[in-house]
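The structure appears right after this line, and notes come after that.
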Amino acid sequence: MKKYLAECIGTCTLVVLGCGTAMLVGCDAAAGGGYILTALAFGLSIVAMAYCVGNISGCHINPAVSLGVLLSGGMEKKDFAGYVIAQCIGALLGAGILALIFSLGGVTDMTGGFGSNGLAGVGGNAFAGLLVEIVLTFIFVMCILGVTSSKAGHGSFGGLVIGLTLTGVHILGIGLTGTSVNPARSIGPAIVAAIAGNVAPLACLWVFIVGPLAGAALAAVVYKALEN
């Protein structure tokens with residue numbers, strides 16, 4: 001149970017820091033500073049959690065990452081199910097914490113949806129959004145599988161490399177889909193936004209579930225073929 005709790009805490013932290021920053025600074029292309037701040041918030045969250053709970057659960061804090069690890073033979077199916085449930089609960093808690101903070105403090109949500117993902121940057125085209133998420137998740141999970149491989153020898157720098165990679169994919173993806181690469185991170189804010197009266201994020205939520213999972217599965221297959 002400790003590793004599931006670690007995944008829940010890690011995912012909650014990712015949503016609070018990453019989505020919370022997006023809510024504050026917005027993601028307007030005309031003001032690129034918001035891009036960088038949001039990308040760094042997500043990336044630094046991963047770095048912090050990697051060195052905090054990585055020794056307990058591996059710090060997946062992302063169902064797509066867990067799927068990649070599962071398909072690579074790095075975890076059992078029962079643990080995969082437990083991880084995904086814990087991650088989704090953590091994302092819901094994180095979004096709930098943001099909702100409480102922003103409502104009690106009267107702070108303006110610049111994104112209008114608790115940092116949830118959308119398709120505005122790709123003209124509302126679901127296929128384009130799906131492609132973006134597949135490609136970005138493929139890159140992210142390939143990095144994770146490489147860094148954590150027993151053959152890699154990256155040692156204590158692994159968490160930093162993974163965090164920087166997440167920052168990189170966010171810099172490109174924020175203006176397109178808001179960057180998910182993490183179904184739990186998308187599910188939590190979308191559900192809390194719907195509870196608050198904004199159901200728009202739910203309409204395209206499937207893109208941010210299917211895309212990352214497909215990208216992770218592809219990464220696992222490709223990395224396994226390359227490593228062997």
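Residues in segment 1-52 that are of a type in the set (Phe, Trp, Tyr) and at pLDDT below 95 were compared, and the one that is farthest from residue 86 (Cα to Cα) is 35.
Of the numbered criteria (1) free of Cβ contacts under 8 Å to residues at least 40 places away in the same chain; (2) among the aliphatic types (A, V, I, L, M); (3) under 27 Å from residue 148 (Cβ atoms), the one residue 202 fails is (3). Note on segment 92-102: residues that are touching a helix residue (DSSP H, G or I) at 6+ places or on another chain (Cβ under 6 Å) and β-branched (Val, Ile, Thr) total 1. Please find, within segment 103-112, the residue that is nearest to residue 204 (Cα to Cα) out of those that are in contact with a helix residue (DSSP H, G or I) (Cβ under 9 Å, 6 or more places away or on another chain) and either of a type in the set (S, T, N, Q) or surrounded by 24 or more Cβ atoms within 10 Å (Cβ to Cβ) (or both). Restricting to residues being in contact with a helix residue (DSSP H, G or I) (Cβ under 9 Å, 6 or more places away or on another chain) and either of a type in the set (S, T, N, Q) or surrounded by 24 or more Cβ atoms within 10 Å (Cβ to Cβ) (or both), the top hit is 111.
Conditions (1) part of a helix (DSSP H, G or I); (2) in contact with a His (Cβ under 9 Å, 6 or more places away or on another chain); (3) surrounded by fewer than 18 Cβ atoms within 10 Å (Cβ to Cβ); (4) modelled with pLDDT under 95, marked per residue:
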{"site": "124", "(1), (2), (3), (4)": "no, no, yes, yes"}
{"site": "136", "(1), (2), (3), (4)": "yes, yes, no, no"}
{"site": "150", "(1), (2), (3), (4)": "no, no, yes, yes"}
{"site": "153", "(1), (2), (3), (4)": "no, no, yes, yes"}
{"site": "186", "(1), (2), (3), (4)": "yes, no, no, no"}
{"site": "215", "(1), (2), (3), (4)": "yes, no, no, no"}
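More than 17 Å from residue 63 (Cα to Cα) and among the polar types (S, T, N, Q): is that true of residue 149 in this structure? It is true that residue 149 is more than 17 Å from residue 63 (Cα to Cα) and among the polar types (S, T, N, Q). Of these, 20, 90, 54, which one is surrounded by 17 or more Cβ atoms within 10 Å (Cβ to Cβ) and farther than 29 Å from residue 149 by Cβ? None of the others qualify; the one that does is 20.
The values are calculated or read from the model by the stated rules, or taken from the named source; none is laboratory data. What you are looking at is a predicted structure, and each value in this text was computed from that prediction instead of being measured. Counting neighbours? That spans all protein chains shown, and the Cβs are built from the backbone with ideal geometry, glycine included.
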